Structure formats: C-alpha cells, structure tokens
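Worksheet: one structure, shown below.
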C-alpha cells in the first residue's frame with residue numbers, strides 16, 4: 001500500500017492519500033484544505049480516486065471534500081452518527097463557525113464497513129468520543145486514527161458531541177486490542193513523532209493504558 005502523509009490547511013491536519021501499488025486505485029482520508037496540492041499529488045502518481053473518507057465531521061478535516069469530489073467524482077464517506085449529528089441544528093450551527101461544512105456524505109459507514117481500492121482495503125473501526133461518529137481506519141497493519149488518538153494523547157472532548165468516558169472506552173476496547181506492531185497515523189502532528197505504534201502507545205499514552 002502506498003501511503004502519502006500530507007499536512008494541510010490552517011489547522012495543519014494530516015491528510016492521507018492511500019493507493020494500491022499495482023492498480024493505482026486510491027482513497028483520500030481527511031482532505032483538510034490545499035485541495036489543488038492534493039489533486040496535484042493524485043495526478044503526479046497517476047491515481048484513480050475511489051473514495052473521500054472522513055475520520056469525523058469537523059470542518060478542519062472535511063473542508064476539501066467538495067472541491068475534491070467535483071474534480072474526481074469520488075463519493076464522500078462518513079460515519080452515519082456524524083452525518084446525523086450535522087443534521088442537528090446545534091451541531092451544524094456550531095461547526096459552521098469553524099469553516100465550511102462538507103456536502104452530505106454519499107456513503108454512510110458503520111463499524112466494520114470495508115472499502116476496497118485495488119488489492120488494498122480499509123476497515124472502519126467506530127471510535128466515538130471525539131465526535132459521535134469518529135472512526136479509525138485499519139488496513140495492512142496501519143491504523144489511521146484522525147482525532148481519536150494522537151501520539152501520546154487523544155482528541156479533545158469539549159466540543160459538541162464529545163464525551164470523555166466514551167472516548168476512553170473506544171480506545172481501550174477497539175484500539176488497544178489491535179496488534180502491538182500496528183502503525184498509528186494520527187490526524188495532527190501533536191506528538192514527538194509523526195507516527196507511532198499501538199505497542200508504544202499502550203506503554204506511554206495514558207489514554208491507551210499508559211501512566212498519567
């Protein structure tokens with residue numbers, strides 16, 4: 001699997017372009033701005049974008065959805081609980097202040113939904129807590145965690161839809177149980193490295209079993 005980690009936008013989101021080496025079929029995770037730059041990478045690598053996948057609905061992770069969809073025709077994928085939250089007036093009104101909201105998702109994902117691109121695939125792991133529909137994406141020994149889990153930390157829970165107890169339960173039950181050598185690719189560069197592993201985070205991250 002080809003993995004391109006690209007820091008984009010005012011909030012310096014880690015966007016990921018993933019592709020099958022044999023077929024060039026690809027997905028993009030969290031296009032949080034700088035759409036022309038992302039499209040240039042896709043063109044340079046001669047990729048066919050099949051899905052635009054959001055780890056959660058916050059505008060800093062979704063603001064590039066519309067332009068990328070218009071340019072490529074790829075459907076937008078979001079967990080059904082975040083899509084429902086954006087239909088709630090309180091949620092939509094609040095997050096409009098943070099930036100333009102994504103168009104409605106074309107595909108509403110659930111826990112264990114799988115998305116295939118060429119000979120590669122990603123499985124949705126629902127990790128609510130940062131938002132009701134936050135997800136991680138697991139494939140080929142890699143975990144793309146969005147804002148659910150960072151290197152040494154976890155996502156904030158003080159925005160609408162956030163819940164500390166739900167987040168810690170999600171991480172304990174659905175991330176800490178993955179193989180220790182699983183590579184973690186976070187949604188922001190908030191740690192001392194830009195990637196980690198489940199094993200390291202279990203030892204050092206208090207949100208994944210490490211000491212406070």
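The values are calculated or read from the model by the stated rules, or taken from the named source; none is laboratory data. On a predicted model such as this, the values are computed, not experimentally measured, just so you know. Cβ: placed from backbone, ideal geometry, glycine included. Neighbour counts: every protein chain shown.
Between 85, 95, the distinction of being part of a helix (DSSP H, G or I) and more than 28 Å from residue 36 (Cβ to Cβ) belongs to 85 only.
Counting the residues of segment 173-212 that are assigned to a loop (DSSP other than H, G, I, E, B), in contact with a strand residue (DSSP E or B) (Cβ under 8 Å, 6 or more places away or on another chain) and within 16 Å of residue 123 (Cβ to Cβ) gives 3.
The criterion of at least 3 residues that are surrounded by 21 or more Cβ atoms within 10 Å (Cβ to Cβ) and out of contact with any helix residue (DSSP H, G or I) (no Cβ under 8 Å at 6 or more places or on another chain) is met, among helices (runs of 4 or more DSSP H) falling completely within segment 3-78, by 59-62. Taking the numbered list (1) in contact (Cβ under 8 Å) with a residue 40 or more places away in the chain; (2) in contact with a strand residue (DSSP E or B) (Cβ under 8 Å, 6 or more places away or on another chain); (3) in a helix (DSSP H, G or I) in turn, residue 137 passes all entries but (3).
Being surrounded by fewer than 21 Cβ atoms within 10 Å (Cβ to Cβ), touching a residue at least 24 places away in the same chain (Cβ under 8 Å), within 21 Å of residue 11 (Cα to Cα) and in contact with a helix residue (DSSP H, G or I) (Cβ under 8 Å, 6 or more places away or on another chain) is the requirement here; does residue 108 meet it? No. Here residue 114 meets each of (1) surrounded by 15 or more Cβ atoms within 10 Å (Cβ to Cβ); (2) within 26 Å of residue 171 (Cβ to Cβ); (3) out of contact with any helix residue (DSSP H, G or I) (no Cβ under 7 Å at 6 or more places or on another chain) with one exception, condition (1).
The rows are residues; the columns are (1) modelled with pLDDT of 95 or more; (2) farther than 27 Å from residue 156 by Cβ; (3) out of contact with any strand residue (DSSP E or B) (no Cβ under 9 Å at 6 or more places or on another chain).
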position	(1), (2), (3)
36	yes, yes, yes
46	yes, yes, yes
54	yes, no, no
65	yes, no, no
71	yes, yes, no
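Look at segment 36-47: where a residue is in contact (Cβ under 8 Å) with a residue 12 or more places away in the chain and a partner is in a helix (DSSP H, G or I) and surrounded by 15 or more Cβ atoms within 10 Å (Cβ to Cβ), sitting 6+ places away or on another chain with Cβ atoms under 6 Å, you get 39/71. For segment 153-172, the set of residues classified as in contact with a strand residue (DSSP E or B) (Cβ under 8 Å, 6 or more places away or on another chain) and buried (at least 19 other Cβ atoms within 10 Å of the Cβ) consists of 155, 167, 170, 171, listed by residue number. Count of segment 173-197 residues, restricted to those that are exposed (fewer than 14 other Cβ atoms within 10 Å of the Cβ), touching a residue at least 12 places away in the same chain (Cβ under 8 Å) and more than 22 Å from residue 30 (Cα to Cα), is 3.
The residues on offer are 127, 131, and the sole one that is under 14 Å from residue 86 (Cβ atoms), crowded, with 18+ Cβ neighbours inside 10 Å, in contact with a strand residue (DSSP E or B) (Cβ under 9 Å, 6 or more places away or on another chain) and in contact (Cβ under 8 Å) with a residue 40 or more places away in the chain is 131.
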